[in-house]
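The values are calculated or read from the model by the stated rules, or taken from the named source; none is laboratory data. All of these numbers come straight from a predicted model, not from anything done at the bench. For neighbour counting, all protein chains shown are included, and Cβ atoms are generated from backbone atoms with ideal geometry for every residue, glycine included. Accessible surface is based on the protein model in full, side chains and every heavy atom, while ligands, DNA and RNA are left aside. Shrake-Rupley method; radii C 1.70, N 1.55, O 1.52, S 1.80 Å.
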Amino acid sequence: MRRPAHLPLEGEVRADVAVVGGGLAGLSAALELAQRGRSVVVLEGQRLGWAASGRNGGQALPGLACDMAEIEAQLGLGDARRIWAMTIEALTLIHARRDRHRIACDWQSGALTVAVNARKAAALQAWVNRMAEVYDDHQQWLDPTALPLHIRSARYAGGVYDRRSGHLHPLKYVLGLAHAAWQAGATVHEHTAVTGIERHRNVTLLRTAQGQVLADQVLLAGNVHLAGLPGLPATPAARTMPVGTYVAVTEPLAPAQMDALLPTRAAVCDNNFSLDHFRPTADQRLLYGGKVSYSTVTPPNLAARMRVHIVRTFPSLAHTPITHAWGGFIDITRNRAPEFVRLPADGAAGAPIYLVQGFSGHGLALTGLAGKLVAEAMCGDAGRFDVFSRLRHRPFPGGERLRTPTLVLGMLWHRLRDLL
């Protein structure tokens, strides 16, 4: 259950740090900074967890949305190993915060990555072998005879089981993190959209409808919902695109029925480019995601469209009612690696602004670590933040008018590759 809402900002306040965005990255940074004695103000345009942080599929996984080969190509194997290790740390951080702050968020251990055909199974097995050899990361390969230990669906030709990963109720976790940040001393304002940013030599001014914040440092953690904000740096904004993602949940299933689908209650995603992902909820519903929109248009008849994905995986659910279906927007980068930005990048005079974005649908764990890395950087230790900030990102092609049509065509090509 939600705690009472935090009141909108009224008047002018002064803070060491202003955080724009009340999701996982922003609240993580706020918590870390408040624990270090900084005065922190969090500005959320809607309610805490309103966007992707509270609406996502709830899967907490290591790694990035892109393959580690992308990181190796840019940064070399040494830094790629550092980044992989930090993504494992991101999982550990979830557990540490759950325990320390008593966040009840329905954690369930275990996650599967599955392949829909023999070719993709071979690629998945090769990935598992390389991760063990190069990254010393060992996950359990499951051939088709072993898959029924965790999932009972004829759709899949192989899979990987990771006991470190798992799933949770994302909104419960976000609200627990927000309460921890508030208890540590952070001030939180909901329904306080930032309407403009003004950068001065030693301070940044954030304007809202009924007030303003003067801050020594700023974190922008609003992802696609910051688009068009006056004063937002134009170049980083052009390097992400909004993508609609959608999920549906069934009515509660009998325990025996869930046992016949997911006996170990693991989360599942496939290794397609446009992937399906699903998990059981604490009240024994099946939550299934598998529909995306690259045109920013929400598909009509969403529940019916989601049923097609559910039945393709679990035919026995053909007549099981779908009680809820919803969606929202994530931000993706061209290479699907996250972007960490510090402005000014060269350390020149001016109040620093940090920006984290582009988690590309793989951010439940990593956004929490991103907030911690921003806090480290703001407190004078930018070493780990800068590993990520060295990743290069390019704007999406097509300019302002043709970016979305170009993306739609590109994603159609990837979908055709999945089908073939």
When the Karplus curve 6.51 cos²θ - 1.76 cosθ + 1.60 is applied with θ = phi - 60°, which whole-Hz ³J(HN,Hα) does each residue of the range 264-271 get, with x for Gly and Pro?
9, 6, 6, 6, 9, 9, 9, 9
Heavy-atom accessible area per residue of the range 128-241, all protein chains kept, 1.4 Å probe, expressed in Å², is 44 Å²
Report the far tail of the P(r) of the range 117-180, meaning the percent of Cα-Cα pairs longer than 15 Å.
63 percent
Label Asp381 and Arg312 with points 7 Å out from Cα along Cα→Cβ: what is the distance between them in nm?
4.6 nm
Amide H contacts under 5 Å for Ser39, restricted to residues at least 5 apart in sequence or on another chain and with H modeled in the peptide plane, are Asp16, Val17
Positive end of the dipole of the chain, charges at C-beta (+1 Lys, Arg; -1 Asp, Glu), about the Cα centre: which of Val387, Val19, Pro315 has its Cα farthest in that direction?
Pro315
Could you rank the peptides 316-328, 271-283 by their average count of other C-beta atoms within 10 Å per residue, with the highest value first?
271-283, 316-328
Based on the Cβ-Cβ distance from Asp79 to Ala5, what FRET efficiency comes out when R0 is 45 Å, to the nearest 0.05?
0.60
Length gained, Ala238-Ser109, 0.36 nm per residue minus C-alpha separation, equals 42.7 nm
To the nearest 10 degrees, how steeply does helix 24-35 sit against the main Cα axis of the chain, on a 0 to 90 scale?
50 degrees
log₁₀ of I(q)/I(0) at q = 0.10, 0.11, 0.14 Å⁻¹ - the chain, Debye sum with one point per alpha carbon:
-0.68, -0.83, -1.35
Figure the gain on full extension for Asp16 and Thr323 (residue separation times 0.36 nm, minus the Cα-Cα span) and round it to one decimal in nm.
106.0 nm
In percent, what relative contact order does the range 161-316 have, based on Cα pairs under 8 Å that are 6 or more apart in sequence?
17 percent
Which of the peptides 99-110, 24-35, 332-343, 256-267 is most tightly packed, and how do the rest follow, going by the mean number of other Cβ atoms within 10 Å of each residue?
24-35, 332-343, 256-267, 99-110
Please compute the Kirkwood hydrodynamic radius over the range 106-150, one decimal place, Å, based on all pairs of different Cα atoms.
11.7 Å
Taking amide H positions as placed in the peptide plane 1.01 Å from N, state which residues far from Gly231 in sequence (5 or more) or on other chains have amide H under 5 Å from it.
Ile197
Tabulate in residue order the Karplus-calculated ³J(HN,Hα) for the range 170-178, using 6.51 cos²θ - 1.76 cosθ + 1.60 with θ = phi - 60°, rounded to whole Hz; enter x for Gly and Pro.
x, 5, 4, 5, 4, 5, x, 5, 5
Once phi is turned into θ = phi - 60°, what whole-Hz ³J(HN,Hα) does the Karplus curve with 6.51, -1.76 and 1.60 give for every residue of the range 325-342, x standing for Gly and Pro?
8, 8, x, x, 10, 10, 10, 10, 9, 4, 9, 6, 9, x, 10, 10, 10, 10
Label point distance in nm, Val297-Leu149, each placed 7 Å from Cα along Cα→Cβ:
4.6 nm
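Considering every Cα-Cα pair within the range 47-152, what fraction, in whole percent, is farther apart than 15 Å?
Percentage above 15 Å: 74.
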Not counting ligands, DNA or RNA, and with a 1.4 Å probe, what is Arg155's accessible surface area in Å² rounded to the nearest 10?
50 Å²
Within the accessible area of the chain, what % is carbon and sulfur when the probe is 1.4 Å and the other protein chains stay in place?
54 percent
Determine how large the accessible area of Thr296 is when every protein chain is in place; take a 1.4 Å probe and give Å² rounded to the nearest 10.
60 Å²
In degrees from 0 to 90, rounded to the nearest 10, what is the angle of the helix 366-378 Cα long axis to the longest principal axis of the chain?
20 degrees
Consider all pairwise Cα distances in the range 111-233 and report the whole-number % of them above 18 Å.
70 percent
Beta bridges per DSSP with both ends in the chain, % antiparallel, nearest 5:
70 percent
Would you grab the residues whose amide H sits under 5 Å from the one on Gly211? Only those 5+ places off in sequence or on another chain, please, with H modelled 1.01 Å from N.
Gly11
